[in-house]
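I have placed the structure first, in the form of structure tokens, so that the comments after it can refer back to it.
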Amino acid sequence: MPKRNPARETWNGRTHSKDEAANISGIKNIADAADRTAYLQSLKDKKDPSIESIYLLLPESERDSDGMREFRVENEFSKQVAGYKVINAQPIFGNLRQIKSPYEIKMLQHAVDISIEGHMRTWATAGAAKMEYEVQAEFEYVLRRRNADYWGYPSIVGCGPNATTLHYEESQSPVTKGQVLLIDAAAEYDHYSADVTRTFPVNGKFTKEQAEIYGIVYNAQEAAAKAAKPGATMSDLQTAADAVIKDGLFRLGLITDKNGPQYRTWFMHGLGHWIGMNVHDVGEYDRPLAPGMTFTNEPGIYIRADALEYLPDTPANKEFIAKVRPAFEKYKNIGVRIEDDMLVTDTGVTWMTASLPRKMNDIEAFMAAAAK
């Protein structure tokens, strides 16, 4: 870390000394950042012959674009050293980070609780909002009020057709009564990020069509939660949710084949991901679930207005489009995602977001009471 510099502190505020940093972090070996270049050069020059291996945080593969950005400096350095065995330490840290300590769970739960309050505030105020950014401001006000680090990721606040865009971040469209509002937003607290999504009706009442889509997503989420237990994999949870979504879409006439990939037209993302210090936290997805792991459970259905226009022009797709067109017109522009944060226990999972209503009648009752 850099040495304290009074001139710089005048502009940017006081920084910690090495002793203060050691007391706060528990890390005893703290070096002066000014020595970093010389230290790295000594490794390149192999001035210490006793060192045989170097552990570095590196991308998982040359195709790992996120890793290339996050570990760019280490990756470049690994190509400049010779005479060492370079070992990627990322899997080691990833495995350690997958099992959360009691303290980590406490911090993550606090981030979840702040997020829940933010979502509840949006339910109470959305009916009076004219624009999506007003609703986003209500959520992010709670983050500041509750001393969160800030959001764990840019807030997604999409009304009506915008709810069918997975990462809609503009928040520049009107909030319209009669449509659903999808909010995917969460707090980061003490470097731990929650990840929470709710979809609710702006006017406080789901229409019949909105309720039918919502019910499928809700049941898929329940199926995934029931499949979650030590020894299961995220793939097992995905399979459980997919079966419910396929059945529901078939029943509504939005697919014609429950055994094929047609359902991916309307549910195109994975069921969930690890959460922790990154909102999409590190860790292997084929690793069996174990107590202390935390992940999201977030199925969704998105009936995008242009979804059928961009399917490949094949005889099978033409037949599919013709058969689902009536149902498509009925449910068009409805997007629903429900996302909860889960903690794996010895026997199953704990819903960390349990106090934020999910059932349609509970959401409607909360909105009716909170709006007053």
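The values are calculated or read from the model by the stated rules, or taken from the named source; none is laboratory data. Being a predicted model, the structure only gives us computed values, none of them experimental. Here the Cβ is made from the backbone with ideal geometry for all residues, glycine too, and neighbour counts use every protein chain on show. Note: areas computed on protein heavy atoms with side chains; ligands, DNA, RNA excluded. Shrake-Rupley method; radii C 1.70, N 1.55, O 1.52, S 1.80 Å.
Would it be correct to say that Y103 is assigned to a helix (DSSP H, G or I), loosely packed, with under 14 Cβ neighbours inside 10 Å and among the aromatic types (F, W, Y)?
Values: assigned to a helix (DSSP H, G or I): yes; loosely packed, with under 14 Cβ neighbours inside 10 Å: yes; among the aromatic types (F, W, Y): yes.
So Y103 passes the test.
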Could you grab me the full set of residues in the range 1-16 that are more than 20 Å from E74 (Cβ to Cβ), of a type outside the set (F, W, Y) and open to solvent by 70 Å² or more (accessible area, probe 1.4 Å)? K3, R4, P6, R8, T10, N12, R14, H16
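Quick check, is V135 crowded, with 16+ Cβ neighbours inside 10 Å, of a type in the set (V, I, T), within 14 Å of A185 (Cβ to Cβ) and without any contact (Cβ under 8 Å) to a residue 60 or more places away in the chain?
yes
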State whether one or more residues within the range 348-362 are assigned to a loop (DSSP other than H, G, I, E, B), open to solvent by less than 70 Å² (accessible area, probe 1.4 Å) and more than 27 Å from A187 (Cα to Cα). no
Please state which of the following conditions G83 fails to meet, knowing it meets all the rest: (1) small (G, A, S); (2) under 30 Å from M234 (Cα atoms); (3) part of a loop (DSSP other than H, G, I, E, B). (2)
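Before we move on, is R121 open to solvent by 70 Å² or more (accessible area, probe 1.4 Å), on the phi < 0 side of the Ramachandran plot and not hydroxyl-bearing (S, T, Y)?
For R121, the condition - open to solvent by 70 Å² or more (accessible area, probe 1.4 Å), on the phi < 0 side of the Ramachandran plot and not hydroxyl-bearing (S, T, Y) - is met.
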How many residues does the range 17-46 hold that are out of contact with any Lys or Arg (no Cβ under 8 Å at 6 or more places or on another chain), outside any helix (DSSP H, G or I) and open to solvent by less than 100 Å² (accessible area, probe 1.4 Å)? 5
Can Y153 be described as in contact (Cβ under 8 Å) with a residue 12 or more places away in the chain and within 15 Å of E339 (Cα to Cα)? yes
